[in-house]
Amino acid sequence: MISGDPKGFSRKTRSLLGLLLATLLLSSCMGRKEAAGDLDDRPVVSIMAPLHFPHAPDPAIIDEIEKLTNTRLDIEWVPDGIYSDKMNTSLMTNSLKKATFVKYTDYNLVKNSVRSGAFWEIGPYLDRFPNLRQLDEDILNQSALDGKIYGLYTERLSSRQGIIIREDWLERLKLGKPRTIDELYEVMKAFTYEDPDGNGKADTFGLADRNDLIFGVFKTLSSYFGTPNNWLVSGHELIPEFATPQYMDTMNFMRKLYEQRIINQDFAVTSKEVQRNLFIRGQVGVYIGSMLDVQRLADAAELVNPEARFALVNRIEGPLGYRIWSIPNFNGLYLFSKKAIKTEEELLQTLEFFDRSMEKDVANLMKYGFEGRHYKLEGNQVVLPEDSQELRANELSVLYTLMIADLSNPNIMKVAKQDSLTETAERLSEDNEKFIVRDPTEGLKSKTYDEKNVELYKIISDATYNYMLGHLDEAGYRQEIERWKRSGGSKVIQEYTQDYFGNGDAG
């Protein structure tokens, strides 16, 4: 002990120790501040994207993406069912993220904003980046506006539409897969009235739909009836699909399903999530939509009923043979807000993130997750174990929305052996290419449509639902078409017709 100090230290010693402690604390704080400063130096890339699944991605994957791309990601995941409304609200309130996903079906809603200068034209910058300069020129042109490139596209096949059906129900009722519209009707009727789940209760129905005339049941079903894809070229005029006999045939079919209670009675106001849950929970036997949803639906259904088994059908023969509607080869676009990105330097930083995301390490992390946890490697190929399906669904699946040009990205590893349902869905989607029906107005201009498409679409959408629900007769429906024409539709027909034949595309 040091004499004169009750605690064993002299005043001078305590002062020196205090000074040393303060220096260490200051040094530690400075170190943390410097580290935080280094972190803050990374460019922030803010993104708004749709959430198609119940769970946001695993934060550990986001952390790794940030590390590999040297960015800080600020991602707002918006449930898909309300995404369009949220995107439009953000557009109107000037609160868009730096990169905002715009669905293909919503692209027309933002074209006037694009033309007014709300978004950066990115075409002149693409050649600066090793991956972005390799983007497919044809798809870029499909998504261009007035010949200018504004968005980075998420890629898709021309048509993934088809039927997902309860195979175990077919077997229990001794039915085959439907091959025609009539057979499809008979299957859905049997699923409603013949107790396909064998529980002795009248608690099932054939088909579930949602409040979406495009990606719900209606447009795919209308393809089977021979409805044109948005527009029909007839003589020297373009005719809107909803003015064709085939569209009326489709509405009559849906009206019959509704009257016979073969379809969920609230389909006009049902969300996508509720529609999927009806199918997952075994209350309905037919799902018409994207066939590539089948594995996720099957995985979820197996948790409810391990005996549930699904099958896929893409060829349904109608009056004109096999037909399926298609869209351009992009699901949507990432557009870059001038309000959120104020300088060219910030724009280049944001584009750098998307370019870097196409490199092998980041692209495969987004698609397959962590090796050992979500997948295994055999040579240069990916193996997706069955026991990690739920992990992939919960922690990873949503990230595909961030992947641009993924189908043609050579940096993404191939899968050695996929789930049979996924393989079948991809094979049938490729088979769809043999009988797709394209929209003849792709690439055409109509100023009136760009200005009034929301108002015009609502007239026809409301009329279609009201007819299917029995609130309108055919005469009333025809009156709504005339209202559509008076509200600007006639001008749209005129402008598309002039552009189509003016371009020398007439057959």
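The values are calculated or read from the model by the stated rules, or taken from the named source; none is laboratory data. Keep in mind it's a predicted model, so treat the numbers as computed, not measured. When we count neighbours, we look across all protein chains shown, and the Cβ atoms used for this are built from the backbone with ideal geometry, even at glycine. Surface accessibility is based on the protein's heavy atoms, side chains included, excluding ligands, DNA and RNA. Shrake-Rupley method; radii C 1.70, N 1.55, O 1.52, S 1.80 Å.
Things worth noting here:
- Ellipsoid equivalent to the range 54-161 - semi-axes via the Cα gyration tensor, in Å: 23, 20, 16
- Taking amide H atoms as placed 1.01 Å from N in the peptide plane, the amide H of Leu152 lies under 5 Å from those of Tyr334, each 5 or more residues away in sequence or on another chain.
- Exceeding the 24 Å Cα-Cα cut-off - candidates Lys86/Lys445; Lys111/Lys338; Lys189/Lys272: Lys86/Lys445
- The per residue volume of the convex hull around the alpha-carbon atoms of the range 444-506 is 85 Å³.
- Inter-probe distance in nm under a simple model that places probes 7 Å from Cα toward Cβ, at Leu173 and Asp127: 6.0
- Relative contact order of the range 359-444, taken over Cα pairs closer than 8 Å and 6 or more residues apart, is 31 percent.
- The chain, accessible area per residue, ligands and nucleic acids excluded (1.4 Å, Å²): 48
- The chain, accessible surface, carbon-and-sulfur percent (1.4 angstrom probe): 49
- Prolate/oblate/rounded label for the range 395-498 (Cα gyration tensor, a/c 1.5): prolate
- Helical contribution to [θ] at 222 nm, DSSP H n ≥ 4, -39,500 (n - 2.57), averaged over the chain, rounded to 500: -13500 deg cm²/dmol
- Amide H contacts of Gly318 (H built 1.01 Å from N, under 5 Å, at least 5 apart or other chain): Arg323
- Scanning the chain for long hydrophobic helices, with DSSP H runs required to stretch 27 angstrom or more by C-alpha along their axis and to average at least 0.5 on the Kyte-Doolittle scale, returns nothing.
- Val44 long-range amide H proximity, modeled H, under 5 Å: Arg72
- Net charge contributed by nearby residues that have their C-beta within less than 10 Å of Ala340 (K/R +1, D/E -1): +4
- Put simply, the chain fits an ellipsoid with semi-axes of 49, 31, 21 Å; these come from the alpha carbon gyration tensor as the roots of five times its eigenvalues, largest first.
- In terms of the mean number of neighbouring beta-carbon atoms within 10 Å, the peptides 76-87, 397-408 order highest first as 397-408, 76-87.
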